[in-house]
Structures are given as structure tokens and as C-alpha cells.
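The values are calculated or read from the model by the stated rules, or taken from the named source; none is laboratory data. Quick caveat, the model's predicted, so the values are computed rather than measured. Glycine also receives a Cβ, built like all others from the backbone with ideal geometry; neighbour counts cover every protein chain displayed.
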Amino acid sequence: MHHLTSEEINTYCARFSSPEDDLLHELNRQTHLRTELPIMLSGHLQGRVLSMISFMIKPQYILEIGTFTGYSALCLAEGLQPTGKLISIDSNEETTALAKQFIAKKPNPTIELLLGNASDIIPDLPYQFDLVFIDADKPNYERYFDLVFDKVKPGGFILADNVLFHGDVLHPERAGKNAKAMHSYNQKMTSDNRIEHVLLPLRDGIMISRKKP
Ligand SMILES: C[S@@+](CC[C@H](N)C(=O)[O-])C[C@H]1O[C@@H](n2cnc3c(N)ncnc32)[C@H](O)[C@@H]1O
């Protein structure tokens, strides 16, 4: 991952943040050993940020779009209410199988993994979410935002990962389709007066949007 902050600062921040627990540490390791793009995993520092955000919100229902090997799902689930539930969607069978293995090691079955195309699955989800984490195919972020918006509680949050796309959003005219899509998503947030939003320059950029009550 090309970090937007220096490697030194990043290492320092990770060093002075709570460590990964044993399960997350092992999942991080196995993801690097067994998948082709381990770079997609949120990792230690971003994982701790997602966990902390979840503890602050104390959500009943969380939706994640883009499970990969389950790292961010486990982090986000940490702040769930005791009766709460996290639903995570991914279209990749192999990485979902790895996610399932690791999630099964958690004592409470509060994480449900759904296999399939997110655009097909989201419309049928029977929940009102306190927190949504968008982290799947970049060209569809705007669609996911639109599909999920009515299923977010007033005052609820929609997080989107990689919105700086290695900094390429600074020059969208000569950027690839993913960075263009991220720039367009950022513009969309800026023109939507139903939300408040802040772009955090953490790792590859996280947009936090809050649905106004
Ligand atoms: C960046 S990874 C997710 C990383 C994970 N959230 C984490 O932080 O560890 C993106 C995932 O989105 C999934 N994906 C891509 N297109 C999708 C689609 N149309 N529907 C569902 N999942 C999709 C990919 O299979 C991949 O596992």
C-alpha cells in the first residue's frame, strides 16, 4: 500500500495504537500467505480506527460491502451492541471461505457473510443500518451509496474506503477509472445536502458521511 503519510509516521502511529489481537494477527498473516492481493486488507492501524469508530457508534446493525478475508468485518464488529449484527457481502467464494474460517473462531455469531454481487443483495436486506462500510469495486461506490441510503438510520454513518486512491484523485483527468470513480464519489458527497461528511487522510483515504436526522 502506498501510504499518503510517511512510512515512519505510519509505523509510529501503529506502535502507539492498541495491538491486533491474536486472531486478527493470524488472519493478517494468512491473508498475506494465501491471497493474491493482501494489500486489500485494512491492516493494523486502519483496523483499530474502524474498531474505535464502531465502539463510538455502538451500532445495532452494520453493513459491510467487500468482506475480502474478513479483517475489517472482525474489527467493525467489536463495537456492536450485544444483540447487534454485522452483515458483510462479497462476490469472491475463496476469500469468503477464509473469512468464514476465522469468523467461526469468534465466540458470538454476530457476523453474517453473504456471497454474491452487492448490487443484487443490498435491495433485499431487511435491516436499518447504523453504520455502512463501502470497500468493494470502486466504480460502483456511488451506486452502493444510493442503494443503501434509505436503509441507513437517520443519524447513521456511511464510510467509504480508498477515496484518495493513492493521491491520484488530485489529477482525475489523467487518472485510471478507479481514481476517477473515487473523485466522482467525493464530488457526490459534497453536493448531497442530506449528509454531513469529512474526508480523513488515513491510509488510502476514508470518507465518513453522516445522514442528517
Ligand atoms: C478491498 S477488498 C475488501 C477488504 C476488506 N474490507 C478489508 O478491509 O479487509 C474488496 C472486496 O470487494 C469484493 N467485490 C468486488 N466487487 C464486488 C461486487 N460487485 N459485489 C460484492 N463484492 C465485490 C472483492 O471480491 C474483494 O474481496
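Return yes when VAL198 is touching a strand residue (DSSP E or B) at 6+ places or on another chain (Cβ under 6 Å) and not in a strand (DSSP E or B) and no when it is not.
Details: touching a strand residue (DSSP E or B) at 6+ places or on another chain (Cβ under 6 Å): yes; not in a strand (DSSP E or B): no.
Judged against the criteria, VAL198 is not a match.
Of the residues that sit in the stretch 57-73 and are more than 9 Å from the ligand (Cβ to nearest atom) and either among the aromatic types (Phe, Trp, Tyr) or crowded, with 22+ Cβ neighbours inside 10 Å (or both), which one is nearest to ASP161 (Cα to Cα)? Show your work before the answer.
Our first condition is that a residue be more than 9 Å from the ligand (Cβ to nearest atom); within the stretch 57-73, this holds for 57-63.
Next cut, either among the aromatic types (Phe, Trp, Tyr) or crowded, with 22+ Cβ neighbours inside 10 Å (or both) only: 59, 61-63.
On the way: PRO59: 19, TYR61: 19, ILE62: 15, LEU63: 14 Å.
Among residues in the stretch 57-73 that are more than 9 Å from the ligand (Cβ to nearest atom) and either among the aromatic types (Phe, Trp, Tyr) or crowded, with 22+ Cβ neighbours inside 10 Å (or both), the one nearest to ASP161 (Cα to Cα) is LEU63.
Before we move on, is SER54 modelled with pLDDT of 95 or more, within 14 Å of the chain's Cα centre (by Cα), more than 8 Å from the ligand (Cβ to nearest atom) and among the small types (Gly, Ala, Ser)?
When the stated conditions are applied, SER54 passes them.
Any idea which of LYS106, LYS100 is modelled with pLDDT under 95 and either within 16 Å of the ligand (Cβ to nearest atom) or within 14 Å of the chain's Cα centre (by Cα) (or both)?
None of the others qualify; the one that does is LYS106.
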Item checked: Positions within the stretch 126-175 being touching a Gly at 6+ places or on another chain (Cβ under 9 Å) and either assigned to a strand (DSSP E or B) or polar (S, T, N, Q) (or both), in sequence order -> GLN128, PHE129, ASP130, LEU131, VAL132, PHE133, ILE134, ALA160, ASP161, ASN162
Margin query: Restricting to the stretch 74-86, name every residue that is away from the ligand (no atom under 12 Å from the Cβ) and hydrophobic (A, V, I, L, M, F, W, C).
Written below: ALA77, LEU80
Note to self: Given the criterion over 15 Å from the mean Cα position of the chain (by Cα) and either assigned to a loop (DSSP other than H, G, I, E, B) or surrounded by fewer than 17 Cβ atoms within 10 Å (Cβ to Cβ) (or both), identify the matching residue among ASN186, ASN193.
What the structure shows: ASN193
Next item on the list: Would you confirm whether any residue within the stretch 77-84 is under 26 Å from LEU202 (Cα atoms) and touching a residue at least 40 places away in the same chain (Cβ under 8 Å)?
Entry: no
Item checked: Test result for ARG48, surrounded by fewer than 15 Cβ atoms within 10 Å (Cβ to Cβ), under 21 Å from SER88 (Cα atoms) and in contact with a helix residue (DSSP H, G or I) (Cβ under 8 Å, 6 or more places away or on another chain) -> no
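Which ones in the stretch 1-49 are under 19 Å from PHE165 (Cβ atoms), out of contact with any Pro (no Cβ under 8 Å at 6 or more places or on another chain), in contact (Cβ under 8 Å) with a residue 12 or more places away in the chain and not polar (S, T, N, Q)? Break it down into steps so the answer makes sense when it comes.
Within the stretch 1-49, the first condition is being under 19 Å from PHE165 (Cβ atoms), and the residues that meet it are 1-7, 10, 37-43, 45-46, 49.
Next, only the ones that are out of contact with any Pro (no Cβ under 8 Å at 6 or more places or on another chain) stay: 1-3, 6-7, 10, 37-43, 45-46, 49.
The next check asks that each one be in contact (Cβ under 8 Å) with a residue 12 or more places away in the chain; those that pass are 1-3, 10, 39-43, 45-46, 49.
MET1, HIS2, HIS3, ILE39, MET40, LEU41, GLY43, LEU45, VAL49, listed by residue number.
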